[in-house]
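Presented below is the structure to which this report refers.
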Amino acid sequence: MGRLCPICQEHLREPVSTDCGHFFCQLCLIQQAIKASDGDILNCSVCRKPWSPNILGAGYSCEDHQKLVGWFCEEKQLFLCSHCRTSPEHRTHHELSIDIAIIHYKERIHRKVRKLRKFLGELCHLPEEKGKLQTLLVDSEKHRLKAVLEKQQTGEQLGSPLQQWLRGLNSISEEVKELHDKISEAETYLNDLITELEKTSKELNITLLKVNSLMGHAGRKKIRKRKMHLLSTCCVPGTVLGAL
Ligand SMILES: [Zn+2]
Ligand SMILES: [Zn+2]
Ligand SMILES: [Zn+2]
Ligand SMILES: [Zn+2]
């Protein structure tokens, strides 16, 4: 049996030792420390002796001020200590405490998932709409064929109307088939994206926030690029995707 973490009472995960020699899961210690203080005095929850934030590893203690971080600057995608937070650079920002920032990101992900689900629902109805359109087109083609045949009977020669008509029908059904393929590709992509976002939201904690500023520039760009692709292939009304 390995040692237990005094905070979560489970086996130690990525253990860190305080200056007094007690072991904790890194994540448990960080979360407890951030909740319990503004980064000034950190006491071991077992023996109450003070410990230094440096033991938490890079990123969790401010290098400039040797203090525990407690805030997340969304603008710069940085963790800040209480000292950094009041510096001229950040004074005008609306900095969130790390706990609140995590809740905020989870909510943002949930909103995005809801929108994606709604869009996915609309996408599923598209084949029906296209089916109706196909019926309409076939009907109008029938009328055209009838007119052509009547003209032919009156002596006007217009090539082979039946062949023309069949060619027209084939290209319509090919277009519809292609559209079906594109829609199912888009559905797969959206389902994957939803699964990925839900997983991220479930696992989101301070460690993940540190390594991966979730809604960061690159992620947004990737989603936007994909949206443009879907828009151009699916002829989906821009308003639906634009709202994402
Ligand atoms: Zn623990
Ligand atoms: Zn201790
Ligand atoms: Zn600082
Ligand atoms: Zn800031």
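Assorted remarks:
- Share, in percent, of DSSP beta bridges within the stretch 15-94 that are antiparallel, nearest 5: 90
- Fewest-first ordering of T188, T92, T18 by other beta carbons within 10 Å of each residue's beta carbon gives T92, T188, T18.
- Distance from the stretch 66-96 to the stretch 184-214 (C-alpha centre basis), Å: 26
- Simple rule: put +1 on each Lys or Arg Cβ and -1 on each Asp or Glu Cβ in the stretch 69-127, find the dipole, and look at C124, H93, C73; the Cα lying farthest toward the positive end is C124.
- Global geometry of the stretch 5-59, whether rounded, prolate or oblate, following the gyration tensor of its Cα atoms and the 1.5 cut on a/c: rounded
- The stretch 15-94: relative contact order in percent, alpha carbon pairs under 8 Å with at least 6 residues between: 22
Rule-based calculations on the coordinates, nothing more; no lab input. Just so you know, these numbers come straight off a predicted model, no measurement behind them. Cβ sites come from the backbone with ideal geometry, for glycine too, and all protein chains shown count toward neighbours.
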